[in-house]
Structure formats: structure tokens, C-alpha cells
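Throughout, read-outs are computed from the coordinates displayed, never taken from laboratory work. If you're wondering where the values come from, they're calculated on a predicted model, not measured in any experiment. Here the Cβ positions follow ideal geometry from the backbone for every residue, glycine too, while neighbour counts run over all protein chains shown.
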């Protein structure tokens, strides 16, 4: 997925899929933190978050972190190579928050980790490792 | 008796998320299931190219592989995804329906091992490859 090119500071524009999930960005100490409300559109079993929606949120958080970092360095496009999601706890009918952490940003590959939690940040519901190909202009 | 996949998917088995995504049942075998995800503008992850985000593909593959576990076990059983890895082989072509085929290739007392592919018309030219595991919830402490 190519990041929105207008990702400068707080002007980051989320793609239609992120909007559809209901994601919004809150800037916490200059880091984009994603917030996804609970609703029927992200529900799997009654009252529980669907794993795919959690993976989707983690992906958006990873891309937001990477896009933000890349926007400080010039223009570049990104393409996902692999995404591995670990499901740690059940996601319930609460808002879910997620942030991405860049483990390494190289010339060609970026390794990103994303974490999602609900009421307690120290009790994450899922983590993902996301590896992206970087295509620098 | 077995697991009635047609009935399960027709009776809301996809959950709210699957229904809102537009997920559809296609076909199945003894240990595999095939679903479809029609293209939709709301699923776009890259506005410049119109390519859909990977989240919807993960959601479909999670469901297709879950169904394959229940088909292999011969019954629905509550389980949770332990992990799911997706390799993105190429972007899905905009406007095309994405097909997801999940297979359960090994089942133990407590863990089901699954794999699958997603393609947009040609199974020999997939857009994604997935591998994952599920844990059976009622397998007992020593499982």
C-alpha cells in the first residue's frame, strides 16, 4: 500500500479503508496513534472484535508511523512484503488504539512493529511485524 | 453429520465485519474452503492506484482458514487465531474480485495449522500466501 503523499505533520490523510474502519489519528508526543471505535463493521463473534479488523488497524498504524517518518526525509512509496500478526488477547467492545514503531528504516526495506491495545496499554491485544519495500523517488 | 458450511455462512457466520466487507462463500472440500471478496472503493488502501488494503484480505483469509479447520474437524468448535502471516506477492488488480482459499493441513489435539492463497482470477498467480495457527478453546489444560 502506498502511503498518502500528503503525510506532513498532522495533515496525514488516511486511505478509504482506514476511514471505513472508523480510524482517526491522535498525535501523542509527535507519534501518530490510531483509534478505532467498536461497531458492527469490525465485529466477529457477537461483542468481540474480528481478527481481520485488528490486523487492518495494525497495518494502518504501521503505515502511519512509516509514512510520518518518510515524510521527514523526502518522498518515497512503500509496498507491503510480509505482515505477521500475533493475537494476544480477545478484543472486546471498546475502542482500540494502535501505534507503529519503526525498528529499522533502510534504503530498501523498513521493519516495523505495531501494537494494539484497548483499556490498558500494558495489556496489548495484538502485535504485528510488518516489513515493507521502500521505493525512493 | 459434519460441518454445514453453506448453512453456517448463510446464517451470519461471517459476523458483522465479514458482512460489511461483502465476503461471500464460494465452494469447499474436506479440508478447505473458498471465499470471495468483491472489489469496493471503501476497501482501497492506496488511493493513487486503487489497490485494496491488505486488511480485508487478512480478514477473508482468517475466515477461509477457520472454515477449513471446522471442515476438517467435522464440526464447528470455538477457536482463536494464534498468529497469521501474510506474504504479499503482488498487488491485487483494482476492480477484480479477490478469491481466498484456506486449507487446514494439520490438526492436533489443541492446534490447527493452516495455509492458503488469495488470487484475483488465476490461482497460479496469487496475490498473497498465508500461513497461520488456531488454538482450540475447549481442548483442556494439558493440550
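Rounded to the nearest Å, what's the spacing between the alpha carbon centres of region A:89-109 and region A:46-64? Just the number, please.
9
Taking a ≥ b ≥ c as the square roots of the eigenvalues of the Cα gyration tensor of the protein assembly as shown, is the shape rounded (a/c under 1.5), prolate (a/b larger than b/c) or oblate?
Numbers: a/c = 1.82, a/b = 1.49, b/c = 1.22.
It comes out prolate by the Cα gyration axes.
Cut-off is 10 Å between beta-carbons; in what order do A:24, A:71 appear when sorted fewest neighbours first? List each step's numbers first, then the result.
Values: A:24 13, A:71 19.
With the sparsest Cβ surroundings first, the list reads A:24, A:71.
For chain A, what is the relative contact order in percent, using Cα pairs closer than 8 Å and at least 6 residues apart in sequence? Present the calculation step by step, with values, prior to reporting the outcome.
Numbers: 285 pairs, mean separation 35.4, N = 137.
It comes to 26 percent, rounded to a whole number.
Treating the angle as unsigned and between 0 and 90°, give the value, to the nearest 10°, between the Cα long axis of helix B:54-73 and the longest Cα principal axis of chain B.
Once rounded, the angle reads 30 degrees.
Taking N as the number of residues in region B:5-136, what is its alpha-carbon radius of gyration divided by 2.2 N^0.38 Å? All intermediate terms of the calculation are to be shown ahead of the outcome.
Details: Rg = 14.1 Å, N = 132, 2.2 N^0.38 = 14.1 Å.
Against the compact-globule rule of thumb, the ratio is 1.00.
Express the relative contact order of chain B as a whole percentage, based on alpha carbon pairs under 8 Å and six or more residues apart in sequence.
24
Give me the base-10 log of I(q)/I(0) for region A:24-137 at each q in 0.12, 0.18 Å⁻¹, Debye formula, one uniform scatterer per Cα, rounded to two decimals.
-0.41, -0.85
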